[in-house]
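The values are calculated or read from the model by the stated rules, or taken from the named source; none is laboratory data. Just so it is clear, the structure is predicted and the values come from calculations on it, not from any experiment. Note that we place each Cβ from the backbone using ideal geometry, even for glycine, and neighbour counts take in every protein chain shown.
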Amino acid sequence: MPPLLQVENLHTSFHTRHGIVRAVHDVSFDLEKGETLGIVGESGSGKSVTCYSIMRLIPQPPGRIEKGRAMFGGVDLLSCSEEQLRKIRGKRISMIFQDPMTSLNPYLKVEDQLIEPLLIHEEISHAAAVKRGIEMLDAVGVPASAERIKQYPHQFSGGMRQRVMIAMALITKPDLLIADEPTTALDVTVQAQILDLIKKMQKELGMAVILISHDLGVVSGFCDRVNVMYAGRVVESGTMHDLFQRTKHPYTRALHKSRPVFQPKGTELYTIPGMPPDVSKQIVGCPFAPRCEFAVDYCTREPVLLKEVEPKHTTACLRVQKEGLKL
Amino acid sequence: MFRFIARRLLEMIPVLFIISAATFFMVHAAPGGPFSREKKVSPEILKQLNAFYGLDKPLLQQYGNYIWKAVRHGDLGPSTKYANWSVNELIGASFPVSLELGCWALLVALILGLGAGIVASLRPNTASDYIPMSLAMAGICLPTFVLGPLLIGLFALGLHWYNALGWDFASDRVLPALTLGIFYAAYIARLTRGGMLEILNQDFIRTARAKGASPWRIVTKHALKGGLLPVVSFLGPAVAGLLTGSFVVETIFQVPGLGKFFVTSAFNRDYTMVMGTVIFYATLIISLNLVVDVVQVWLNPKLRFE
């Protein structure tokens with residue numbers, strides 16, 4: 001049985017006036033049915049672009065998917081027709097976005113937006129769709145759902161809007177939910193509620209989830225497997241336990257070290273020296289090498305490929321691959 | 001909502017007062033009078049004429065009388081230029097013509113303008129954007145007194161599809177409506193493109209795409225409401241301008257509309273006619289702006305709670 005989603009050699013770039021920005025470079029991963037995959041990385045590492053590429057939601061132009069395949073239910077999402085893709089979007093793959101303030105249409109009632117996926121994808125009467133909308137709002141914990149559904153987005157708080165987004169994404173019972181930093185724009189107290197809600201809905205519906213985040217803390221309690229991205233590439237992939245306890249890439253290690261929780265009070269916080277590389281230039285060798293404390297001369301010369309060094313645990317670090325470097 | 005409309009209607013009263021007073025004293029301050037052009041008017045006859053139209057009374061009293069009759073009976077007085085015609089009758093006879101021409105022109109403006117604007121906004125910076133937008137730029141730059149003769153030359157004298165002028169047959173509506181409507185169409189096209197582009201780049205459009213909405217659905221259901229807000233604001237004054245007729249277009253095509261009175265009545269020092277047309281036009285503009293505000297509140301739910 002093939003995996004639910006199989007991404008192979010995805011390359012996405014943006015053709016701007018200042019050159020070609022290679023936002024995603026040769027990204028491959030599989031996602032099983034019901035699995036939870038985390039994608040972490042700093043801003044600009046290509047984690048969101050990866051997911052938008054899979055849904056073909058990047059603005060084209062300037063964006064362009066240069067190469068790759070994303071097989072989902074026997075269909076290549078990257079090369080199928082728009083019409084075919086529209087049948088999958090919102091029906092079998094749903095998305096929720098970072099900012100619930102701007103992701104809901106301020107000119108339309110919540111009801112119209114919430115039930116829209118049903119009206120688009122299913123043969124259903126308006127009244128029946130509204131009924132399911134209200135049930136869905138109940139399920140995601142919006143109180144007084146029958147009245148609230150008649151209101152406009154600006155009458156909802158940020159957390160409540162994200163609940164509406166989740167209800168809207170899940171109303172068609174999709175096989176895959178892509179959550180692009182769903183908690184970043186929310187208060188810390190609300191963040192945990194929203195993550196719990198996604199977890200709860202995942203258990204009920206049995207869907208797979210891709211969670212994009214720059215927060216290792218958010219991902220750690222949530223995901224079966226995590227891809228760490230850097231400069232548009234996956235640099236390490238494994239279970240949460242693998243990444244935390246048996247780190248195989250210096251970048252992942254540096255990310256751990258930067259977490260404030262792990263540092264004694266009063267000492268200066270650890271930061272990774274230098275800046276992420278400019279992805280509009282061709283990168284030879286390992287993109288992290290200039291900032292890496294373990295880098296040796298061949299790191300900046302030799303081509304880098306993701307390799308499995310332990311079962312289901314891959315790394316792009318050349319030294320780990322060649323010398324079995326202990327981190 | 002009801003209180004909002006009622007308040008705005010009450011606000012019309014002082015505005016109309018100020019406009020009428022300013023117009024009244026300005027036309028009376030202008031040199032000459034309604035009878036100063038006519039040949040050989042003897043002082044006695046002039047005195048009688050002035051007495052008949054009440055022009056011999058003090059200015060303030062004249063204004064008071066005028067306003068009293070206008071408010072009390074809706075009577076805008078007799079025209080001082082067209083004997084035996086009242087201003088009400090003149091407006092009543094010519095406004096329907098301007099109204100019809102205006103409606104056709106509005107139709108032209110909306111169909112061409114919205115169509116071109118939406119098409120341009122869907123694929124910005126491609127040929128389907130550049131072509132309608134450069135046409136719109138030309139439409140804004142071409143004055144009606146150039147466009148009118150151009151259309152006559154092409155469609156009336158060249159192709160013989162329509163009459164060059166007149167207002168007798170249904171086909172006589174085409175050229176004036178195009179001439180009058182194209183400028184507004186061009187303006188609406190640019191406003192539509194701008195408004196739509198802004199909306200189409202919003203996050204919630206991406207949400208709609210992620211839901212599997214078709215491009216048609218995205219435009220009609222998600223983008224139009226917000227994208228047309230700038231057009232709606234423009235439509236208030238535009239509709240008032242279209243419906244009351246245009247001096248230039250009516251003169252070019254010899255259309256017996258209201259537009260020509262705006263200019264000729266001022267030249268003739270036809271005091272009551274100037275007042276009548278100004279008050280009529282002002283009332284129309286204020287009312288249409290009110291309609292625009294109501295439509296905007298309906299389009300933009302956020303305004304409803306402010």
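For residues in segment A:226-267 being more than 26 Å from A:R22 (Cα to Cα), among the polar types (S, T, N, Q) and touching a residue at least 12 places away in the same chain (Cβ under 8 Å), which is surrounded by the most Cβ atoms within 10 Å (Cβ to Cβ)? Among residues in segment A:226-267 that are more than 26 Å from A:R22 (Cα to Cα), among the polar types (S, T, N, Q) and touching a residue at least 12 places away in the same chain (Cβ under 8 Å), the one surrounded by the most Cβ atoms within 10 Å (Cβ to Cβ) is A:T247.
The residues in segment B:118-130 that are of a type in the set (A, V, I, L, M, F, W, C) and either more than 28 Å from the chain's Cα centre (by Cα) or within 20 Å of B:A177 (Cβ to Cβ) (or both) can be counted, and the count is 2. Among the conditions (1) under 22 Å from A:D26 (Cβ atoms); (2) within 14 Å of chain B (Cβ to nearest Cβ); (3) touching a residue at least 12 places away in the same chain (Cβ under 8 Å), A:C80 misses just one, which is (3). State the number of residues belonging to segment A:160-177 that are touching a residue at least 40 places away in the same chain (Cβ under 8 Å) and more than 17 Å from A:D99 (Cα to Cα). Total meeting the criteria: 6.
The rows are residues; the columns are (1) of a type in the set (K, R); (2) in contact with a Leu (Cβ under 8 Å, 6 or more places away or on another chain).
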residue: A:T252; (1), (2): no, yes
residue: A:L255; (1), (2): no, yes
residue: A:V279; (1), (2): no, no
residue: A:A289; (1), (2): no, no
residue: A:C299; (1), (2): no, yes
residue: A:K307; (1), (2): yes, no
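Restricting B:S233, B:S246 to residues that are crowded, with 24+ Cβ neighbours inside 10 Å and either away from chain A (no Cβ under 13 Å) or in contact with a Phe, Trp or Tyr (Cβ under 6 Å, 6 or more places away or on another chain) (or both) narrows the list to B:S246. Among the listed residues B:Y82, B:Y66, which satisfies the condition of being more than 30 Å from B:G181 (Cα to Cα), assigned to a helix (DSSP H, G or I) and hydroxyl-bearing (S, T, Y)? After applying the criteria, what remains is B:Y66.
Yes or no, residue by residue, for (1) under 16 Å from B:L110 (Cβ atoms); (2) touching a residue at least 40 places away in the same chain (Cβ under 8 Å); (3) surrounded by fewer than 24 Cβ atoms within 10 Å (Cβ to Cβ):
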site	(1), (2), (3)
B:D172	no, yes, yes
B:G181	yes, yes, no
B:R190	yes, yes, yes
B:R193	yes, yes, no
B:E198	no, no, yes
B:R209	no, no, yes
B:P215	no, yes, yes
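Residue-level check: of (1) of a type outside the set (K, R); (2) at pLDDT 85 or above; (3) out of contact with any Leu (no Cβ under 7 Å at 6 or more places or on another chain), A:M207 misses just (3). Of the set (1) crowded, with 22+ Cβ neighbours inside 10 Å; (2) part of a strand (DSSP E or B); (3) among the hydroxyl-bearing types (S, T, Y), all apply to A:T50 but (2). A Cβ distance below 7 Å, combined with a sequence gap of six or more or placement on separate chains, defines the contacts here; from segment B:101-123, residues that are free of Cβ contacts under 8 Å to residues at least 12 places away in the same chain reach residues that are surrounded by fewer than 24 Cβ atoms within 10 Å (Cβ to Cβ) in the pairs B:R123/B:D129. Evaluated against (1) within 30 Å of B:F145 (Cβ to Cβ); (2) surrounded by 23 or more Cβ atoms within 10 Å (Cβ to Cβ); (3) aliphatic (A, V, I, L, M), B:L228 falls short on exactly one condition, (1). Scanning segment A:86-99 for residues that are surrounded by fewer than 21 Cβ atoms within 10 Å (Cβ to Cβ) and more than 8 Å from every other protein chain (Cβ to nearest Cβ), we see that the one that is modelled with the lowest pLDDT is A:Q98.
Yes/no per residue for (1) touching a residue at least 40 places away in the same chain (Cβ under 8 Å); (2) of a type in the set (D, E); (3) within 14 Å of another protein chain (Cβ to nearest Cβ); (4) surrounded by 21 or more Cβ atoms within 10 Å (Cβ to Cβ):
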{"residue": "A:T36", "(1), (2), (3), (4)": "yes, no, no, yes"}
{"residue": "A:Q113", "(1), (2), (3), (4)": "yes, no, yes, yes"}
{"residue": "A:E116", "(1), (2), (3), (4)": "yes, yes, yes, yes"}
{"residue": "A:H121", "(1), (2), (3), (4)": "yes, no, yes, no"}
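Among the residues of segment A:100-110, those identified as at pLDDT 85 or above and either crowded, with 19+ Cβ neighbours inside 10 Å or within 7 Å of chain B (Cβ to nearest Cβ) (or both) are A:T102, A:S103, A:L104, A:N105, A:P106, A:Y107, A:L108, A:V110. Being in contact with a Lys or Arg (Cβ under 7 Å, 6 or more places away or on another chain), loosely packed, with under 13 Cβ neighbours inside 10 Å and assigned to a loop (DSSP other than H, G, I, E, B) is a property that does not hold for A:P287. Among the residues making up segment B:56-70, those that are surrounded by 12 or more Cβ atoms within 10 Å (Cβ to Cβ) and without any contact (Cβ under 8 Å) to a residue 40 or more places away in the chain are B:D56, B:K57, B:L59, B:Q62, B:G64, B:N65, B:K69.
Restricting to segment B:274-306, name every residue that is part of a loop (DSSP other than H, G, I, E, B) and either among the charged types (D, E, K, R) or away from chain A (no Cβ under 14 Å) (or both). If the condition is that a residue be part of a loop (DSSP other than H, G, I, E, B) and either among the charged types (D, E, K, R) or away from chain A (no Cβ under 14 Å) (or both), then B:E306 is the only one that fits. Looking at segment B:202-222 only, could you name the residues that are among the hydroxyl-bearing types (S, T, Y), more than 12 Å from A:M55 (Cα to Cα) and facing chain A (nearest Cβ under 7 Å)? The one that is among the hydroxyl-bearing types (S, T, Y), more than 12 Å from A:M55 (Cα to Cα) and facing chain A (nearest Cβ under 7 Å): B:S214. I'm checking my understanding of the structure. Among residues of segment A:63-77 that are within 22 Å of B:L122 (Cα to Cα) and modelled with pLDDT of 85 or more, which one is surrounded by the most Cβ atoms within 10 Å (Cβ to Cβ)? Among those residues, the one meeting the criterion is A:I65.
For segment A:169-197, the candidate set comprises residues that are closer than 14 Å to A:M136 by Cβ and in contact with a strand residue (DSSP E or B) (Cβ under 8 Å, 6 or more places away or on another chain); within that set, the residue that is surrounded by the most Cβ atoms within 10 Å (Cβ to Cβ) is A:A169.
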